[in-house]
Amino acid sequence: GITRAGLKEKEQAFKALQAQVNPHFIYNSLSLIRWRALDVQDSEQIVIIDALTTFYRLALNNKISVIRIREELEHVKAYLDIQQLRYPDRIQIEWDIDSSVLDFYTIKTVLQPIVENCYLHGAITRRKNAVIRISVSREGGNIRMSVYDNGQGIPGDILSAIEEGTHVGKGNGFGTSNIKERLALYFGENGTFTMESAAGEWTLVSIVFPVCPEQPIIRREQ
């Protein structure tokens, strides 16, 4: 496996990549577009701009790697608000959130890439009665965050390859290896990532990690 030092280096590379994208430039541009949209009273445009601003406020803040579950859900909601405007009336979004866990911590940007897979790989926009369900619940000393969709599912051989980390395809094994590595960085064996799917029918992706009333920190070399 990759050494912890190697994982730390990856986390630094991730931060460096974020730093290259100048947040001020993006916010100033969005603010300018928002003023112009206000000028012509284009309310739908303002919704998109506000969702983008929320999205980038979290995505580009490279000073933090862990956030409250509440903020992680805001990030996903901003992403979904934009997708819902792109594909009106095609997908029902369901939220099943235990409000008592909202102030606990999670590592950030774990849910949004999973939800993005519903669109990229799950072909959810082409399904009849399409549903994406985002659940957050407490199970004893753990938090379970999961994303269910009734898109096209993942064939068994690809699912196995993703589980083993050998799948090479567009989007880095469905973007999952990065999430697994970061879970391991913070929670070791106590953070798990699972994907279940029935090809042609549905996919369920779950992340389980310890309840964190305080910000979790990267584990030292074992």
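The values are calculated or read from the model by the stated rules, or taken from the named source; none is laboratory data. None of these values were measured; they are calculated from a predicted model. Neighbour counts are summed over all protein chains in view; Cβ atoms, including those assigned to glycine, are modelled from backbone coordinates with ideal geometry. Protein only, heavy atoms only, side chains kept; ligands, DNA and RNA dropped before computing areas. Shrake-Rupley method; radii C 1.70, N 1.55, O 1.52, S 1.80 Å.
On the basis of being touching a helix residue (DSSP H, G or I) at 6+ places or on another chain (Cβ under 9 Å), farther than 23 Å from residue 134 by Cα and either in a helix (DSSP H, G or I) or open to solvent by less than 50 Å² (accessible area, probe 1.4 Å) (or both), does residue 80 make the cut? No: the conditions fail for residue 80.
Applying the condition of being among the polar types (S, T, N, Q) and within 29 Å of residue 44 (Cβ to Cβ) to region 83-106 and asking which residue is least open to solvent (accessible area, probe 1.4 Å) yields 83. Only residues that are among the β-branched types (Val, Ile, Thr), surrounded by 20 or more Cβ atoms within 10 Å (Cβ to Cβ) and modelled with pLDDT of 85 or more were counted across region 125-183, and they come to 7. Just so you know, in region 184-222 the residues that are within 19 Å of residue 108 (Cβ to Cβ) and in a strand (DSSP E or B) include one that is most open to solvent (accessible area, probe 1.4 Å), and it is 192.
Selection over region 192-211 of residues that are at positive phi and within 15 Å of the chain's Cα centre (by Cα) gives a count of 0.
Yes or no: region 85-97 includes at least one residue that is part of a helix (DSSP H, G or I), in contact with a helix residue (DSSP H, G or I) (Cβ under 8 Å, 6 or more places away or on another chain) and touching a residue at least 12 places away in the same chain (Cβ under 8 Å). Yes - at least one qualifying residue is present in region 85-97. Of all the residues in region 39-73, those that are in a helix (DSSP H, G or I) and farther than 30 Å from residue 184 by Cβ number 12.
Of all the residues that make up region 1-35, how many are small (Gly, Ala, Ser), at pLDDT below 85, in a helix (DSSP H, G or I) and over 15 Å from residue 63 (Cα atoms)? Looking only at that region, the number is 2.
The residues of region 181-195 that are out of contact with any Ser or Thr (no Cβ under 6 Å at 6 or more places or on another chain), free of Cβ contacts under 8 Å to residues at least 24 places away in the same chain and either among the small types (Gly, Ala, Ser) or under 17 Å from residue 158 (Cα atoms) (or both), listed by number, are 191, 193.
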